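Values in this text are rule-based calculations from the coordinates and carry no lab data. As the structure is a computational prediction, the values presented were derived from the model and not from experiment. Note that each Cβ is placed from the backbone with ideal geometry, even for glycine, and that neighbours are counted across all protein chains shown.
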């Protein structure tokens with residue numbers, strides 16, 4: 001008979017709490033660096049947020065980007081961005097918002113581009129977004145992030161104690177901010193698909209956190225005299241196999257999406273890959289160790305006796 005495969009051996013006892021101050025320092029550095037990158041480099045907003053024009057076109061032959069850029073630069077539409085994706089025949093043409101400010105001007109610009117390219121091109125997708133809509137979308141996205149994080153905090157707060165809710169919120173803040181920092185650093189396009197990925201990261205991260213919090217709550221009742229640091233270590237090691245297996249299998253799926261999903265899903269898959277890694281890290285190294293400093297309520301002997309009396313009366 002085959003023995004079951006254990007990625008994490010049974011009885012593993014990693015002393016996570018021994019290094020929690022180091023992981024706190026790493027996390028603080030990543031958050032501060034991400035905020036600095038956001039305000040210095042900024043995000044490479046897609047058409048959804050920046051506004052402007054996006055055309056997805058295909059040529060019957062291999063595209064010479066230099067020649068194509070020379071033709072389009074003469075239209076006077078500003079700094080047009082060209083990007084090949086898929087094979088050498090496919091090109092994304094982006095015209096930024098500042099150069100095309102209203103709907104009528106957008107239509108004129110699209111027609112200019114089509115006239116310049118000619119009839120030998122297949123126009124597969126054309127998107128136009130006004131600057132006002134882009135600003136409204138940014139505001140709506142910020143509210144979506146805020147409400148999602150507050151909703152998750154409220155859920156964890158009512159399910160456990162307020163300390164757990166605060167820690168879950170801090171971990172979510174850590175995950176979202178570092179994801180935005182990654183996009184600011186790499187300048188990968190940030191669009192609505194990426195927003196969906198970031199919100200997915202929030203849900204995935206809190207799922208891991210809730211599993212460990214459930215174990216901690218169980219162990220708090222089971223080991224009432226055990227030091228809190230030792231109890232957290234025990235809970236983390238007990239759930240470590242489940243955490244690594246779940247994260248590893250999800251990561252394999254997202255890696256497949258990254259390599260075969262094409263350019264359209266590139267930003268989405270990058271955000272998910274980073275989110276799975278950083279979400280697992282924050283659960284183990286941020287959300288859980290912070291409980292050491294949150295003065296968790298431990299049931300004492302008097303309360304235990306009171307619980308016993310309540311049970312007896314119930315019988």
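Summary table below
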| item | result |
| --- | --- |
| [x] 39, 20, 17; [y] 38, 23, 17; [z] 51, 21, 16, with the label sought being that of the calculated semi-axes √(5λ) of the Cα gyration tensor in Å | [z] |
| Cβ-Cβ FRET estimate between residue 256 and residue 226, R0 fixed at 45 Å, reported to 0.05 | 0.60 |
| Packing-based exposure ordering (other Cβ within 10 Å, fewest first) of 194, 186, 62, 141 | 62, 186, 141, 194 |
| Percent RCO, i.e. relative contact order, over the chain, from Cα pairs under 8 Å lying at least 6 residues apart | 24 percent |
| Neighbour-count order for 177, 47, fewest beta carbons within 10 angstrom listed first | 177, 47 |
| Sum of -39500 (n - 2.57) over DSSP H runs of 4+, divided by residues of the chain (222 nm, nearest 500) | -21500 deg cm²/dmol |
| Selected from 51, 151, 165 as most flexible by GNM, with the chain as the system and alpha-carbon contacts under 10 Å | 151 |
| Full-stretch length increase - residue 29, residue 125 - with 0.36 nm per residue and alpha-carbon distance subtracted | 30.4 nm |
| GNM result for the chain, Cα springs below 10 Å: residue of 233, 191, 120 fluctuating most strongly | 120 |
| Antiparallel bridge percentage (DSSP; both residues within the chain; nearest 5) | 90 percent |
| Shape category assigned to region 172-262 from the gyration tensor of Cα positions, a/c cut at 1.5 | prolate |
| Shape call, region 52-129: gyration tensor on alpha carbons, a/c limit 1.5 | prolate |
| Sequence of 127, 189 once ranked by neighbouring C-beta atoms within 10 Å, starting from the fewest | 127, 189 |
| Mean separation of Cα contacts under 8 Å, 6 or more apart, over the residue count of region 52-129: relative contact order % | 49 percent |
| Highest-MSF residue in the chain out of 218, 258, 204 [GNM, Cα springs under 10 Å] | 218 |
| Alpha-carbon centroids, region 248-297 and region 58-83: separation in whole Å | 37 Å |
